[in-house]
Every structure is written in structure tokens, then in C-alpha cells.
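Just so it is clear, none of the values below were taken in a lab; they were calculated from the coordinates. Source: prediction; values computed, not measured. Cβ sites come from the backbone with ideal geometry, for glycine too, and all protein chains shown count toward neighbours.
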Amino acid sequence: MYVVCIIRVIMVSSSMSRVMCVSAAAGVLSSSVEQKIYVELNETVPCVRLLNATHQIGCQSSISGDTGVLHVLETESDLDWILSSGPHPPYMVIMETAFFNRSVMMRMKNSSRVAGVAVIVSKTGLADNFSPHTTCPNQNTGVYSASYGSDLANCNVTMWNPLGNGLSYEDFAFPVFALKDENQTQVIRKCYQDHNLRVNGSAPQYPLCAMQLFSHMHAATDTVTCMRRTDLQNRFSINPEVLCDPLSDFNVWTSTRPLNNSAKGHAANESVVIAATRLDGRSFFWEQAPSAEGTVSGIVTLLATIQALSPVTQEAPPPRNIFFSFFQGEAFDYIGSSKMVYDMERNDFVIDLNNVHSMLEIGQVGLRRGRSLWMHSDPVSRQNKSVDTEVSEEERKLSLFSHALSLDQPSVSQPLPPSSFQRFLRVRGIPGLVLADHNTSFNNRYYESLYDDAENLNVTYPPDLSPDEQLVYETDAAKSLAEVATLVARSLYIQAGGEKKNLNNITADPKIWFLHQHVSDCVRLLWFLGSGPPQFYIGLGPRIHGPVHSVTRFVQYILANLTGTVTNLTESQCQNPSEVNTENKDLFSYFWVSGPASVNNTGEPFCRSASVRLSKAVSPAFELLEYGSPNYSIIPQSRWKSIRARIFPIFKYCPLLTNHTSMESFRKWTLMTGFVVQGHKWTCL
Amino acid sequence: MNLERMPNEEKLSLCRRYYLGGFAFLPFLWLVNVLWFFKEAFLKPAYTEQPQIKSYIKKSAMGLILWVAVLTTWITIFQHFRARWGEVGDYLSFTIPLGTA
């Protein structure tokens, strides 16, 4: 094979297509030639395949990548060129932002002339709204179903995300990548302009610029099939291939009075008010979820609430415990909250549902119109008199503190928006409320998309501030969230039975906004100092990804910073606190952190103890091995071998390289020829 | 092995061995038998052992055609319907292609 290929190169020196053969040979020859042909694109983000009980969603490429001639989609005539009139199909579409919508993508999906799509991610040309999520998020795993509030189910009454185009839940047979780096996009554009531009409407001539995208996914069909095949591989194969992994990570929880972590089940004499929010988001592309309005607004508000409450609850603890929880995986059918409720039902958690007095959830609160904030409640559970009284009480307590805000309730027959509270209601009629900035449908026009970032939340700084000054600058968004946090903190304190005289000390600090952009001086986490804003996609958990997801760790350490106390334990004592008899490993966790940064160095490390814990957030369906379960989230993420992208020139018409199906038929003909030759040998015996 | 140099009894016994061996789920033995002894059985001038060789070749050919028909049918059905069979298809497969149904 080596010799044959080298001879071909010598004989057909001008045809670059044969040089592919040389790269099959070992040695120095291959890498230098390969570098002369291919330009690797490193800053791309793929769309990957996810499964559910019945469908596959996301994108798939061929096992050896999909190749196509580059064409930039800027105008309608480009769309016609790609889909019908261009002479060099299949095309690799470089899609400008304005064209990344449902109608164009569905036309691409139905066409056989599209080898793949690379979407340019930028704010220029961005439409007024873009949400690739469905119009009714998590409709099958919430509380409303045919047996509970059937007229409210499936968003019959209120369409929560009317701008949703459902692209994230479509199945594409070609790869879709996102180009986030402007410099790289320039390289691609230059290649296109140099070779692929149409001159006066006539077709461009060879050599043409082409792009190849590799994102071959292992999983197919649905979750049941994928888990069955993984199981077969693990049992019978020498080299097992895992096809998919369940989405999993950790919830973060803490409480004003520490709870004994080793005592599972009902906690005696504990009546708990749960304050919850979600910790994750998603978008069309893998691991991209800036989720500013969707998630960060809730996280920051709850963190500010905790910060405001912690000094007062230390001095004058209310009779009821306040349990703060950040649920991971809520974008994918409530992974974290369903797991916590499941554990509570089976007495496998520090508290159970009998301990829960009421619940307050913070939904999307960043985009308040004017001063209004809405309290959503569940009309079906309120038909029960005692629950109704409790919820009305809760609403009254919230209204006591709404000086800067205008708190309203939606009409009585409106269901709850998608929220973790729905999973609690599925099991028990707990009184509770969900706070949100929207009445009927979301104010978030970029729900669960790449564009739900700081700009969507109107976080803007005056242009002349340095990054350190930006850390302490109070933006309007920060002030708005601080108002909500103050309201929540005070009403939680009253709800927990605290005394009114302590209320004036509870105020949230708008500077808490630094949490969105930067890491606090006191808590420096090496692996969090990456570039760009934090991404809130749930990911695959510690088995696959290494340590705990960075955002989960981030929130955990921030909470430890806000609610914990400094101890004087040494590092080894901090890691084994059971040896020290003043410390209690059941009530607290111990963190070895570095101290505040000063000008010269990063400060002395010390041991902090806090009652902050992580609890596993993986769907109960994967523990019960019920992969087709309609009651829990069953969304795994496919595995893959390599994901990459590269561009290269095609020098002449070569059916082997430009058309994937031609490669298949070439292989078949070679095989047939081989058989014929072999058969001829046999007849001469 | 050169059949030209073999005495007829040996040719017959070789043919018979291949014929009997094919019954052990080895249709390729029948294929080889047919291709190898075809000239001997039908194109050479008659000799004593030839009628028996002819009958072995005919029976081998019938067995071969039967195997080819069964295998072709099964392979076509399996390739076409494996994805639709779901669980059964997966349990019947030795290697399942990644990323497709």
C-alpha cells in the first residue's frame, strides 16, 4: 500500500487528490503534506446528538466526515444557489446569523445538496428573537397532565415560550457547527472570496474551497436502544464501545441551620421552607449555554438572598429552617429536582416531604418590565382549602415587602410556568410560589439560546471602566436583582417564622452581581479561570468530565464563602475533619481554600467550614433502569470519537472527495471487482 | 492437486469426500467440488467411475443452490429489516453499526 501510493504521487504529480494516499503512509512525509493541504479550525462548537424515549435530536455526520464546497449564505439568491442551481453540490453552508431560523434550517434538512452547516455566531444581523427551545418547555414531565389540571396541560392556557422554534429538538442528518471566533470566520470568508465567488452569475471554476466537518455520533434511535446496545457492548465485546451517557451532575444545597447529612429520611422537629432556583441552561450547540436571563438571574438573586439572610439567621434564627437549593439539569425534563424529590420519597435524603412546609422558587427575574414581579401559583392544588390558605399567606408575606416592586398575581386559572416546584407538586400538594418577571409568556426573547447573554440582561458598563472597576460597579440589572433578592430574603425570614424586628437588617447588596462576570477575590478556582462567560450546560458528571462541573463548583464555593465560617484547621485536618473532635463532618463540609488576593501573592490558604452540600443530579430513570419512563427525564448524550473541522482546496472534479455517496459506490465496485478476480482464480483450479 | 495425474479411483474417493464433507454445514466444499470435478464429470470421455462422479457433482450442485438461496434470502431480510426489529435485531447482531438505526 505504501509503495503503490508513492508511485501514484510521482506519476500524477499535479493532481493533489492523490496526495491523500501519501498521508496513509507513516513518516515525516505525511504531516508536512497534510499541513499544506488542510487548515484546521479549532474554535468551532458542534451540535451533538441527544436521545429521548422515542426520538433522536441533534446532528449527525458521516463516520469519515462530511465534505462540501463552501458557500456563504448571505442573501436569498444564495439559498437558491445552494438548494437548486449551484453546480457543485453538496455544499457546506456558511450561514450568516440572520438566516439561522427554522424555515431555512428545515429547507436545508430536506435538501440532499447540503453537506453541513456552519453558523456564524455574532450579534450583527441577529433577529429580534431566537429561541431554539420548544414553545412549551418540559411539557410532559411537569405536573400538568391528563390526570392533573388537564385543561391546563400542554400549554393550552398559556404558551410560555411562544417565540420558540423547536430547532434544538429536530433531528439533522448533517453536522451543524457554530463559528464563534471572528478571526477564524475571517479565514473561512477569505477562502470563499478567493475561490468560490460567483462572477456575474456564472459558476466558479475549480479549484474551489471546501470544508469538512467531523461529528459522528455513536447513539441512534432512542434511549432504550442506546442503553441496550451499550449493555450488549459491555457484556459481549472485547473492546466495549459506550454509545451514550446519561446527563448528570450535582445539585447544590445549603440550609440556615445545618442538617445532619448522615441521617437520611424524616428529620425530627424540622419544618423547612425551600427556596429554590435552577442552575443550568442549554442551547442548540453542545456545552454552550450562557443563559443569563434564564438561569443566572435566578442564581444571582438566590445567592444575594442567602448573603442577605445569613448574618440575621445566625443571630436570631427563625423557628423554621430555610433550605436553599440550586437544581441542575432542569432544562432536560427536571433532572435535578426529580432526583431530589425521588430521594425524599425513598427516605434517602436529609429531609423528606413531611418536613417541607412550603416552597418559594425564583424563576426568570432579570427582565422586569417597569417594577412588576409576578407570583405564580398552582390553581389545582389551591382547590384544597388548607393549601390555598397557606399560599395566600405566602403571597401576603411577599407583598408586605414590595415597596420598590409591584407584586402581582396572574389570573387564578393560569398554571405554573415550567419550574422545579412542579416536580414537588407531582408528589405532594405543597403550598408554594414561583416568582417571575413575566405574567403570561416569557419576557426572555432568547430563551435557552446562545444569545441569552449579559447583553440580553442589559448589563452594560460605562465604557471607561477597567475590569476591576467593573467588578464593583452597580449596573441597573444588579440593582434590579438586588431588589428582588431583598424581597425574597425578608419574606423567607417571615415565612420561616422569624420576628419582624430583625427585618431591616436584611438587605441584598447589588455588588453581588460580580458573580456573573468574575470570581470573587476570596475564592480562586484554577479551573474556573477560563476565557469567556461561564456556560451552564449540565454535562456528563465526574465519571466522564473529571471533577465536578465548574459552575456547580463555583456556586458551591461561593455559598461556602457567604455562609461558612473560617476555622483554624490544617490542610490534613481539613480533609479529615472527623479526627478533630470540635468539628462535625455530618453537619458541615470543609473546604481548603486560598485566602484573599493581595498585590504580591494569592494569600494564605485556610480551611472553611460550611453547611453546603452537593447531591447527585441524575435522572431516577437511569437508576431504576427504566429507559422508556414517561415520568422522569431520560435524556442521554451520545458519545463520539472525534469532533473537528477543517477547510481545504479541491483542485479538480473528483467524485471520491466531493460526494460521500460516490465514495460508497466506489467501495462497492472495488469489492465486486475483487470477487470477480478471485472467482476467476478459482475456476482455473 | 492435479487431477490429470490421479488414478480414477482416487478421483472418485476425493469427490465423495468433498460431497460428504459438505453436509457438515460447509457449502463451500460443494462449490469447490462442482467447480473442480465439472470437467471430469461432463466433459471427459466416459470411464468407469464417471457416472458416480457425475451423480456426486449433481447432488453437490443442488445442495449448493439450496444453501445460496437460503443464505441470500436470510441476508436480504436481515439487512433490510434489522433496524425495524429493534431488540431482536440487536440480539441477533454480532456488530451493530454506530450512529445509525
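Using 0.36 nm per residue of separation minus the Cα-Cα distance, give me the extension gain between A:MET106 and A:ASN458 in nm, one decimal.
123.5 nm
Which ordering of A:THR570, A:THR475 is given by a fewest-first count of other beta-carbon atoms within 10 Å?
Listed from fewest to most nearby Cβ atoms, that is A:THR570, A:THR475.
A:GLU34 versus A:SER594, label points 7 Å from Cα toward the beta carbon: distance in nm?
Going by the 7 Å Cα→Cβ label model, 3.7 nm.
In what sequence do A:LYS339, B:LYS39 fall when counting other Cβ within 10 Å, fewest first?
Ranked by crowding around the Cβ, least crowded first: B:LYS39, A:LYS339.
Note down, for the range A:393-520, the three equivalent ellipsoid semi-axes (square root of 5 times each alpha carbon gyration tensor eigenvalue), biggest first, whole angstrom.
Each semi-axis is √(5λ); the values are 29, 22, 13 Å.
Cβ under 15 Å from A:ASN502's Cβ, A:ASN502 left aside: what net charge do those residues give with Lys, Arg +1 and Asp, Glu -1?
Summing Lys/Arg as +1 and Asp/Glu as -1 gives +3.
Between A:HIS266 and A:VAL242, what FRET efficiency follows from the Cβ-Cβ distance if R0 is 41 Å, with the result rounded to 0.05?
In this case the efficiency is close to 0.60.
Residue by residue through A:285-291, how many Cβ atoms from other chains fall within 10 Å of the Cβ on average?
Average neighbour count from other chains, rounded to a whole number: 0.
Considering the Cα positions of the range B:6-101, please state its Rg to one decimal place and its Dmax as a whole number of Å.
According to the Cα coordinates of the range B:6-101, Rg and Dmax are 19.4, 61 Å.
Subtracting the Cα-Cα distance from 0.36 nm times the residue separation, let me have the gained length for A:TYR206 to A:SER413 in nm, one decimal.
Value of the extension gain: 68.1 nm.
Distance check, please: which entries in A:LYS36/A:LYS641; B:LYS11/B:LYS39; A:LYS681/B:LYS39; A:LYS180/A:LYS479; A:LYS339/A:LYS397 exceed 21 angstrom between their Cα atoms? Write out the running numbers ahead of the final one.
On the way: A:LYS36/A:LYS641 25 Å; B:LYS11/B:LYS39 12 Å; A:LYS681/B:LYS39 16 Å; A:LYS180/A:LYS479 31 Å; A:LYS339/A:LYS397 30 Å.
Pairs exceeding 21 Å: A:LYS36/A:LYS641; A:LYS180/A:LYS479; A:LYS339/A:LYS397.
Grab the eigenvalues of the alpha-carbon gyration tensor for chain A, scale each by 5, take roots, and send me the semi-axes largest first in whole angstrom.
Whole-Å semi-axes of the equivalent ellipsoid: 51, 27, 26.
For every other residue with a beta carbon closer than 13 angstrom to the beta carbon of A:LEU232, add +1 if it is Lys or Arg and -1 if Asp or Glu, then tell me the sum.
On the way: positive: A:ARG228, A:ARG229, A:ARG235; negative: A:ASP231, A:GLU241, B:GLU87, B:ASP90.
That works out to -1.
Give the average, rounded to an integer, of partner chain Cβ atoms located within 10 angstrom of each Cβ in B:5-14.
Other-chain Cβ atoms within 10 Å of each residue's Cβ, averaged: 0.
Can you sort A:PHE177, B:PHE23 so the residue with the fewest Cβ neighbours within 10 Å comes first? Write out the running numbers ahead of the final one.
Details: A:PHE177 27, B:PHE23 11.
Fewest-to-most ranking of A:PHE177, B:PHE23: B:PHE23, A:PHE177.
Work out how much length A:LEU671 to A:VAL187 would gain on full extension: take 0.36 nm times their residue separation and subtract the Cα-Cα distance, in nm to one decimal.
That pair, A:LEU671 and A:VAL187, stretches by 170.2 nm at full extension.
Note down the net charge around A:SER358, summing +1 for each Lys or Arg and -1 for each Asp or Glu among other residues with Cβ under 14 Å from its Cβ.
Every neighbour counted, the sum reads -3.
Let me have the 222 nm mean residue ellipticity of the protein assembly as shown computed from DSSP H runs of 4+ only, each contributing -39500 (n - 2.57), with the sum over all residues rounded to the nearest 500.
Values: 24 runs with 272 residues, N = 786.
About -10500 deg cm²/dmol.
How far apart, in nm, are the 7 Å Cα→Cβ label points at A:THR54 and A:GLU395?
3.6 nm
Estimate the FRET efficiency between B:PHE28 and A:LYS616 by the formula 1/(1 + (r/R0)^6), using the beta-carbon distance for r and 51 Å for R0, to the nearest 0.05.
So, using R0 = 51 Å, E works out to roughly 0.35.
Taking the highest mean first, how do the peptides A:615-625, A:72-82 order by number of other beta carbon atoms within 10 angstrom per residue?
A:615-625, A:72-82
If the label point is 7 Å along Cα→Cβ of A:SER84, which residues in the range A:180-204 have backbone nitrogen under 19 Å from it?
A:201-203
I want to check the label-to-label distance for A:VAL157 and A:ASP171. Put each point 7 Å from Cα in the C-beta direction and report it in nm to one decimal.
Label-label distance for A:VAL157 and A:ASP171, simple model: 3.5 nm.
To the nearest whole number, what is the average tally of beta carbon atoms from other chains within 10 Å of the beta carbons of peptide B:86-98? The partial results should precede the final answer.
Numbers: counts 5, 3, 0, 1, 5, 2, 0, 2, 2, 3, 9, 3, 14.
Counting Cβ atoms of other protein chains within 10 Å of each residue's Cβ and averaging gives 4.
Would you work out the relative contact order for the range A:565-610, in percent, from Cα pairs under 8 angstrom that are 6 or more residues apart?
45 percent
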